[in-house]
């Protein structure tokens, strides 16, 4: 079985989209894949309850309990490895990962970023796109590398920037596309593993 481990920090809306797609499209039968676990760095992350409702194993590795980023990443890797992951999927996981962690899961670590990379890496992407006068914005699924938001692109979706858009209204439209392209990119990748 190809195990998918999803990392979250908050509501887990992309995680939920992946879980729904896995169930709807019968990934266990069609791809030999399953969401094996959801792990959060925040004990109160809302997405943990949603994962439990779907009978998915959950774990918490609270980043505030670690003195260094390296110590946190080492413990996180230990917890992930218990699930024997084929893919490690970042879905709103709000931690910058150390190079050692990224190397450990090289080629198996995915992220979704709310911009059309390579534009607007980092945070506040929607407002930055508006401020720059962009006519389109969007989301990108990419492999994670040691360079933040610069890994090979697997999928993108564009949405128009509308007159009167705010960072919040644009973010909401982009998020609907994230929920479509992330599960599809994962399924496409799994077919080739």
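Couple of notes before you dig in:
- In the chain, the longest principal axis of the Cα atoms and the axis of helix 69-81 are about 60 degrees apart.
- Computed over the chain, the per-residue total of -39500 (n - 2.57) for DSSP H runs of n ≥ 4 gives a 222 nm mean residue ellipticity of -11500 deg cm²/dmol, rounded to 500.
- Relative contact order, whole percent, for segment 2-191 stands at 21, derived from Cα pairs under 8 Å and 6 or more residues apart.
- With Cα atoms, 0 to 90° folded angle of helix 13-24 axis to the chain main axis: 70
- Between 0 and 90 degrees, the angle of helix 167-191 with respect to the longest Cα principal axis of the chain falls at about 40 degrees.
All of the numbers you see were taken from the coordinates with simple rules; none came from a lab. Source: prediction; values computed, not measured.
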